[in-house]
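Visitor: Here's a structure for you.
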Amino acid sequence: MSMLEIKDLSVTFGGLHALKNLDFRVEEGEIVSVIGPNGAGKTTFFNMISGMVTPTSGDIFFEGESLLGLDPSQVTERGIARTFQNVRLFANMTILENVMVAQHCRTDQKVFGALFQTKAFKSEEEAIRTYGEEVLSFFGSRLTGYRLDQPASVLSYANRRRLEIARAMATRPRLLLLDEPVAGMNPRESAELTTLIGRLRTEWGFTVVMIEHDMSVVRDVSDRVVVLDHGETIAQGSYEDVANDPQVIEAYLGRPVGSEEIPGESS
Amino acid sequence: MTAISNDPSIYETPGINWRRQIRFGLIGALSTAFISLAGMPVGLDGRSIIQPVLSMGYLSLLWVPFVFASIAGSEVVLEGMAERQRSARDLWAGALVGLGSSGGVVLLMILIQNFDLRDPLVNWSPQLLELLSFDRSAAFGMVIWLVLGTFLGFLGGSMHVVPQKFRSATLTVCLSVFGVSVLETFLTDLLEGFGLEGLTDLVYYKRGGLEVLGAVAVAALALAVPLIAGPRVARVKTQVIEMPSEERRRVNLALLAVSAALLFVLPFFLGKITNELLANVGLFVLLALGLNIVVGLAGILDLGYVAFFAVGGYTTAVLTSPNSPGFSPELPWPVALIAVVILTGLVGLFIGAPVIRMRGDYLAIVTLGFGEIIRLLFLSDWLSGWFGGAQGITNIPGVNVGIATVKGTDPRSVFLLVLVFCGIAIYVSWRLENSRLGRAWMAIREDEDVAEAMGVNTTNTKLMAFVVGAVLASFSGAIFSAKVGSIFPTSFLMLVSIIILVVVIVGGMGNITGVIVGALVLIGVLGGPKQPGLLQEFSQFKLLIYGALLVWMMLKRPEGLVPNVRRTRELHQEEFLQDAWLKGEIDTDDQEGTA
Ligand SMILES: Nc1ncnc2c1ncn2[C@@H]1O[C@H](COP(=O)(O)OP(=O)(O)OP(=O)(O)O)[C@@H](O)[C@H]1O
Ligand SMILES: [Mg+2]
């Protein structure tokens with residue numbers, strides 16, 4: 001059984017087919033990259049998996065159970081976490097609070113515990129904090145130490161992206177959806193993040209689906225590449241296969257001006 | 001850097017912005033004319049600040065030239081630019097603004113003399129003219145106003161020329177004289193409690209303003225106390241800050257315990273009127289703390305919050321009063337309270353469930369509607385068999401606590417009861433804010449969709465905020481019911497919701513201390529929707545002042561009087577980021593730390 005299985009799925013906005021009859025699978029332990037020109041429907045694809053957009057038809061199965069009709073928080077509880085392309089942190093909460101609040105669905109202390117400061121409440125708070133710090137230390141010293149109590153809004157762009165990933169990790173997912181994790185990073189930083197994405201699988205045991213425009217990252221880390229265009233899968237396979245696929249090259253090149261990068265060249 | 005910014009030919013410091021001065025002069029003129037026509041000078045003339053020199057009525061006009069001149073003179077200093085060298089011309093600029101402001105009064109006097117607009121403008125009256133002419137001829141009054149305005153503007157302008165120390169001294173003196181005068185009822189009451197009537201008789205002119213000598217004494221004291229005690233306080237402060245955190249926590253706790261104890265002893269030294277006033281403030285503190293959880297923490301703009309206050313009040317009335325028309329179990333108050341809390345919580349769920357799915361403006365409008373619906377239900381003939389319709393429910397007994405009965409005729413006991421519940425509400429707010437639930441509320445306030453995507457069940461969490469807020473309001477309602485002894489639908493107008501919201505906003509959203517300060521300032525000094533404050537003469541201008549304060553707050557200090565650090569960041573994001581950047585707090589490099 002595949003970890004994630006999407007069957008014949010479509011999403012339409014008004015008359016626009018953002019996703020068309022999509023079939024997609026992810027096996028446990030894979031790192032899959034989704035690429036495609038701007039507006040291909042990649043982010044919509046993530047929104048649909050995470051429950052923020054309801055599919056018009058089709059079905060999604062995660063570990064054998066359908067995700068249709070679940071609220072985003074329930075999807076997260078099942079074990080799927082995501083990051084956002086246009087970084088959406090809780091900007092005025094501290095860095096530590098950002099990863100603490102993400103553990104909401106893994107914890108359960110309510111009003112009573114907080115008011116009477118029960119043992120269970122205190123130990124849970126301690127556990128939330130410890131795990132939060134552990135997740136943050138995955139990025140070295142960048143998000144730890146004195147930074148813990150600073151608001152997320154003071155972080156540099158690259159660090160905000162890192163915190164987004166840390167926040168998603170804090171929900172203790174099994175499947176991690178990363179929407180353009182290295183966008184806005186310089187080559188050295190994206191190389192560093194590429195190794196980290198590899199370690200997400202080996203050390204944390206996450207399965208990763210990643211949307212990425214930076215082809216060097218895609219090449220270095222992914223087991224499999226899926227190409228979307230106009231909401232349809234036009235190719236999939238290993239990086240080499242996909243990069244040499246005539247249909248893919250056409251999707252990137254055979255378009256009017258103002259389009260996108262070419263696979264094989266890093267953006 | 002330095003070489004460039006020191007070169008005067010590039011960064012020539014700009015002179016006085018005369019256009020700004022003229023603009024402020026004109027705004028000042030409009031303000032004084034408006035204040036006069038709103039009836040403040042005549043309406044407030046009865047209350048004197050310093051007898052017989054200055055009454056609140058004149059003060060309502062005289063602050064304009066001074067304050068406007070000093071605001072007109074303040075300039076934003078841009079980073080990297082030298083601050084403009086102040087000179088005597090700043091004084092004249094201030095004088096110009098002052099002249100403009102008093103010009104408004106003079107123009108109004110001329111108009112009143114020559115035209116009769118009394119029909120639409122009630123305050124277009126001979127009394128106003130008489131007051132503005134200082135009971136002499138109009139021409140005399142006009143000259144005095146122009147001279148006085150110019151002089152006050154001059155003083156306002158001088159605030160930027162004199163050294164900082166002098167400026168803060170002036171501010172302290174003005175505020176303390178005004179404060180001591182305004183707090184007269186409270187202070188005489190308190191000093192009487194300690195048997196010090198002699199002192200108040202010396203300072204105050206028989207109930208109504210300070211004596212001239214008293215004012216001088218207060219001013220002298222205001223100057224002397226910081227001089228003598230200032231360094232010592234500062235020393236203690238640094239000592240506390242330098243303590244290890246464990247010890248500092250203990251000192252803070254001790255301080256908290258001492259002030260709580262003092263607060264509980266306070267009512268025994270206060271008279272009836274002050275206790276009554278503080279009990280009213282306490283009821284609003286309770287309401288504001290509850291609304292603060294809903295609006296300040298979870299970011300749900302609830303405009304119908306009074307509904308929960310009403311449900312709490314009515315439930316208590318029905319359960320305790322022998323006169324309850326329908327069902328009358330005549331339970332003792334503490335037992336009834338349990339039922340009240342449960343019932344109001346349920347009403348919170350019931351109203352919250354449909355409302356919570358909406359967002360922003362829609363949510364605000366729907367809650368506004370629910371607030372009115374609840375009041376109309378209590379008023380309706382349909383339910384009058386239960387709630388007595390417009391006749392309400394009367395004869396609600398007080399709270400029997402063994403040794404004494406807490407009821408309206410004994411404001412001291414009411415105040416004590418309110419204090420206990422305020423303590424509970426503060427504790428609840430504080431603990432919840434620092435818990436899993438509190439973090440989830442904040443996340444929802446920041447970005448609801450992302451909070452949901454990060455695993456927070458936003459529907460339940462927001463509902464929880466609604467319920468906790470409702471329960472806190474029901475405490476207030478239950479005490480209100482027992483205090484007043486009777487309950488009518490007119491106590492629960494929409495205005496109450498609005499005033500609670502204003503208290504929260506003015507005090508500082510999301511901040512417990514801020515909310516308490518807001519209630520003290522607004523309800524204590526100006527008065528609540530029906531309750532008089534310290535300045536009883538203000539009651540007819542209360543809403544005007546609330547409105548003006550709210551507008552000013554939104555423009556100049558959206559974070560409230562006692563801001564919450566987080567909210568401040570949110571509201572002044574850009575400035576904050578710039579400051580942080582200048583202080584080197586923002587990280588721009590990514591050299592440090594590798595994984
Ligand atoms: N909520 C929405 N309502 C209407 N149209 C939408 C919505 N979300 C996305 N779309 C449209 O669906 C299409 C796919 O958008 P999507 O954001 O998924 O593209 P993308 O592949 O992520 O592009 P990019 O590389 O720029 O991130 C676009 O044409 C977009 O305008
Ligand atoms: Mg996208």
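Visitor: What residue, among those in region B:38-92 that are in contact with a strand residue (DSSP E or B) (Cβ under 6 Å, 6 or more places away or on another chain) and among the polar types (S, T, N, Q), is modelled with the highest pLDDT?
Guide: B:Ser55
Visitor: Looking at A:Asn21, is it open to solvent by 80 Å² or more (accessible area, probe 1.4 Å), within 14 Å of ligand 1 (Cβ to nearest atom) and of a type outside the set (A, V, I, L, M, F, W, C)? Don't jump to the end; show me each part of the working.
Guide: On the way: open to solvent by 80 Å² or more (accessible area, probe 1.4 Å): yes; within 14 Å of ligand 1 (Cβ to nearest atom): no; of a type outside the set (A, V, I, L, M, F, W, C): yes.
Spelling it out, it is not the case that A:Asn21 is open to solvent by 80 Å² or more (accessible area, probe 1.4 Å), within 14 Å of ligand 1 (Cβ to nearest atom) and of a type outside the set (A, V, I, L, M, F, W, C).
Visitor: Any chance region A:10-26 includes a residue that's within 30 Å of A:Ala243 (Cβ to Cβ), more than 8 Å from chain B (Cβ to nearest Cβ), within 16 Å of ligand 2 (Cβ to nearest atom) and among the β-branched types (Val, Ile, Thr)?
Guide: yes
Visitor: May I ask you to say which residue of A:Val182, A:Val208 is outside any helix (DSSP H, G or I), buried (at least 22 other Cβ atoms within 10 Å of the Cβ) and away from ligand 1 (no atom under 16 Å from the Cβ)? First the steps, then the outcome.
Guide: Numbers: A:Val182 fails: away from ligand 1 (no atom under 16 Å from the Cβ).
The unique qualifying residue is A:Val208.
Visitor: Just for helices (runs of 4 or more DSSP H) wholly inside region B:415-484: which have at least 2 residues that are open to solvent by less than 10 Å² (accessible area, probe 1.4 Å) and more than 7 Å from chain A (Cβ to nearest Cβ)?
Guide: Values: elements: B:436-446, B:448-453, B:458-484.
The qualifying helices (runs of 4 or more DSSP H) are B:436-446, B:458-484.
Visitor: Right, another one. If the requirement is being at pLDDT 95 or above and open to solvent by less than 50 Å² (accessible area, probe 1.4 Å), which of these qualifies: B:Gly312, B:Gly352? Reasoning before the result, please.
Guide: Numbers: B:Gly352 fails: at pLDDT 95 or above.
It is B:Gly312.
Visitor: Hey, among A:Ile60, A:Ile6, A:Ile35, A:Ile31, which residue is more than 14 Å from chain B (Cβ to nearest Cβ), within 13 Å of ligand 2 (Cβ to nearest atom) and buried (at least 18 other Cβ atoms within 10 Å of the Cβ)? Break it down stepwise before answering.
Guide: Working: A:Ile60 fails: within 13 Å of ligand 2 (Cβ to nearest atom); A:Ile6 fails: within 13 Å of ligand 2 (Cβ to nearest atom); A:Ile31 fails: within 13 Å of ligand 2 (Cβ to nearest atom).
Exactly one of A:Ile60, A:Ile6, A:Ile35, A:Ile31 is more than 14 Å from chain B (Cβ to nearest Cβ), within 13 Å of ligand 2 (Cβ to nearest atom) and buried (at least 18 other Cβ atoms within 10 Å of the Cβ), namely A:Ile35.
Visitor: For region B:320-329, indicate whether the set of residues that are of a type in the set (Phe, Trp, Tyr) and over 17 Å from B:Ile479 (Cα atoms) is non-empty.
Guide: Just the residues of region B:320-329 that are of a type in the set (Phe, Trp, Tyr), to begin with: B:327.
Retained after the next criterion (residues that are over 17 Å from B:Ile479 (Cα atoms)): B:327.
Within region B:320-329 (the criterion being of a type in the set (Phe, Trp, Tyr) and over 17 Å from B:Ile479 (Cα atoms)), the answer is yes, since at least one residue qualifies.
Visitor: Something else now. Here is a list: A:Gly41, A:Gly132. Which entry is crowded, with 19+ Cβ neighbours inside 10 Å, within 16 Å of ligand 2 (Cβ to nearest atom) and either outside the structural domain of A:Glu203 (by TED's automatic domain parsing) or at pLDDT below 95 (or both)? So that I can check it myself, show each step before the final result.
Guide: On the way: A:Gly132 fails: within 16 Å of ligand 2 (Cβ to nearest atom).
A:Gly41 is the lone residue from the list that is crowded, with 19+ Cβ neighbours inside 10 Å, within 16 Å of ligand 2 (Cβ to nearest atom) and either outside the structural domain of A:Glu203 (by TED's automatic domain parsing) or at pLDDT below 95 (or both).
Visitor: Looking for something under 21 Å from B:Thr459 (Cβ atoms) and open to solvent by 40 Å² or more (accessible area, probe 1.4 Å) - is there at least one such residue anywhere in region A:78-90?
Guide: There is at least one residue in region A:78-90 that is under 21 Å from B:Thr459 (Cβ atoms) and open to solvent by 40 Å² or more (accessible area, probe 1.4 Å).
Yes/no per residue for (1) at pLDDT below 90; (2) more than 15 Å from ligand 1 (Cβ to nearest atom); (3) in a helix (DSSP H, G or I):
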site	(1), (2), (3)
A:Leu228	no, no, no
A:Val248	yes, no, yes
A:Ala251	yes, no, yes
A:Glu260	yes, no, no
A:Pro263	yes, no, no
A:Ser267	yes, no, no
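Visitor: Confirm whether A:Leu148 is open to solvent by less than 30 Å² (accessible area, probe 1.4 Å) and within 16 Å of ligand 1 (Cβ to nearest atom).
Guide: Working: open to solvent by less than 30 Å² (accessible area, probe 1.4 Å): yes; within 16 Å of ligand 1 (Cβ to nearest atom): no.
When the stated conditions are applied, A:Leu148 does not pass them.
Visitor: Need at least 3 residues that are within 13 Å of A:Leu163 (Cβ to Cβ) and in contact with a Lys or Arg (Cβ under 7 Å, 6 or more places away or on another chain) per element, so show me which helices (runs of 4 or more DSSP H) inside region A:89-145 make the cut, counting only ones lying wholly within it. Before you say what the answer is, go through the steps one by one.
Guide: Numbers: elements: A:95-101, A:111-116, A:119-136.
Result: A:95-101.
Visitor: So which residues in region A:103-136 are basic (Lys, Arg) and facing another protein chain (nearest Cβ under 8 Å), if there are any at all? Spell out how you get there, then give the answer.
Guide: We begin by selecting, within region A:103-136, every residue basic (Lys, Arg); these are A:106, A:110, A:119, A:122, A:129.
A:Arg106, A:Lys110, listed by residue number.
Visitor: If I ask for residues that are over 13 Å from the mean Cα position of the chain (by Cα) and more than 13 Å from ligand 1 (Cβ to nearest atom), which ones from region A:28-50 would you list?
Guide: A:Glu28, A:Gly29, A:Glu30
Visitor: The conditions are (1) farther than 17 Å from B:Val450 by Cβ; (2) within 16 Å of ligand 1 (Cβ to nearest atom); (3) not in a helix (DSSP H, G or I), and A:Val217 fails exactly one of them. Which is it?
Guide: The single condition A:Val217 does not satisfy is (3).
Visitor: Right, here's the next one. Before we move on, is A:Ile95 closer than 21 Å to A:Asp179 by Cα, crowded, with 16+ Cβ neighbours inside 10 Å, more than 7 Å from chain B (Cβ to nearest Cβ) and touching a strand residue (DSSP E or B) at 6+ places or on another chain (Cβ under 6 Å)?
Guide: Numbers: closer than 21 Å to A:Asp179 by Cα: yes; crowded, with 16+ Cβ neighbours inside 10 Å: yes; more than 7 Å from chain B (Cβ to nearest Cβ): yes; touching a strand residue (DSSP E or B) at 6+ places or on another chain (Cβ under 6 Å): no.
So A:Ile95 fails the test.
Visitor: I'd like the full set of residues that are within 13 Å of chain B (Cβ to nearest Cβ) and either near ligand 2 (Cβ under 8 Å from one of its atoms) or hydrophobic (A, V, I, L, M, F, W, C) (or both), limited to region A:44-56. Before you say what the answer is, go through the steps one by one.
Guide: Of all residues in region A:44-56, those within 13 Å of chain B (Cβ to nearest Cβ) come to A:46-53.
Once the filter is applied, which keeps residues that are within 13 Å of chain B (Cβ to nearest Cβ) and either near ligand 2 (Cβ under 8 Å from one of its atoms) or hydrophobic (A, V, I, L, M, F, W, C) (or both), region A:44-56 yields A:Phe46, A:Met48, A:Ile49, A:Met52, A:Val53.
Visitor: Please tell me if B:Gly208 is among the small types (Gly, Ala, Ser) and modelled with pLDDT under 80. Give the derivation first.
Guide: Values: among the small types (Gly, Ala, Ser): yes; modelled with pLDDT under 80: yes.
For B:Gly208, the condition - among the small types (Gly, Ala, Ser) and modelled with pLDDT under 80 - is met.
Visitor: Restricting attention to region B:530-539, does a residue exist that is at pLDDT below 90, of a type in the set (Gly, Ala, Ser), in the same structural domain as B:Ala390 (by TED's automatic domain parsing) and surrounded by fewer than 18 Cβ atoms within 10 Å (Cβ to Cβ)? Break it down stepwise before answering.
Guide: Going through region B:530-539, the residues at pLDDT below 90 turn out to be B:530-539.
Still in the list and also of a type in the set (Gly, Ala, Ser): B:533, B:539.
Filter once more, so that each one left must be in the same structural domain as B:Ala390 (by TED's automatic domain parsing): B:533, B:539.
With the extra rule that they be surrounded by fewer than 18 Cβ atoms within 10 Å (Cβ to Cβ), the set shrinks to B:539.
Yes, region B:530-539 contains at least one residue that is at pLDDT below 90, of a type in the set (Gly, Ala, Ser), in the same structural domain as B:Ala390 (by TED's automatic domain parsing) and surrounded by fewer than 18 Cβ atoms within 10 Å (Cβ to Cβ).
Every residue, every condition in (1) within 16 Å of ligand 1 (Cβ to nearest atom); (2) farther than 30 Å from A:Glu133 by Cβ; (3) modelled with pLDDT of 95 or more, yes or no:
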position: A:Asp8; (1), (2), (3): no, yes, no
position: A:Leu16; (1), (2), (3): yes, yes, no
position: A:Val75; (1), (2), (3): no, no, yes
position: A:Ile80; (1), (2), (3): no, no, yes
position: A:Val87; (1), (2), (3): yes, no, no
position: A:Thr94; (1), (2), (3): no, no, no
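Visitor: Among what's in region B:555-571 and is away from every other protein chain (no Cβ under 11 Å) and at pLDDT below 85, pick the residue that is surrounded by the most Cβ atoms within 10 Å (Cβ to Cβ).
Guide: Within region B:555-571, the first condition is being away from every other protein chain (no Cβ under 11 Å), and the residues that meet it are B:555-563.
Cutting the leftovers down to at pLDDT below 85 gives us B:556-563.
Details: B:Lys556: 8, B:Arg557: 15, B:Pro558: 16, B:Glu559: 22, B:Gly560: 25, B:Leu561: 19, B:Val562: 16, B:Pro563: 21.
Checking each candidate, the answer is B:Gly560.
Visitor: For region B:403-414, which positions are open to solvent by 70 Å² or more (accessible area, probe 1.4 Å) and assigned to a loop (DSSP other than H, G, I, E, B)?
Guide: Pass one, region B:403-414, residues open to solvent by 70 Å² or more (accessible area, probe 1.4 Å): B:403, B:407, B:409, B:412.
Residues satisfying the conditions are B:Ile403, B:Lys407, B:Thr409.
The values are calculated or read from the model by the stated rules, or taken from the named source; none is laboratory data. Being a predicted model, the structure only gives us computed values, none of them experimental. A quick note on method: Cβ atoms are made from the backbone with ideal geometry, for glycine too, and the neighbour counts reach across all protein chains shown. Accessible surface is based on the protein model in full, side chains and every heavy atom, while ligands, DNA and RNA are left aside. Shrake-Rupley method; radii C 1.70, N 1.55, O 1.52, S 1.80 Å.
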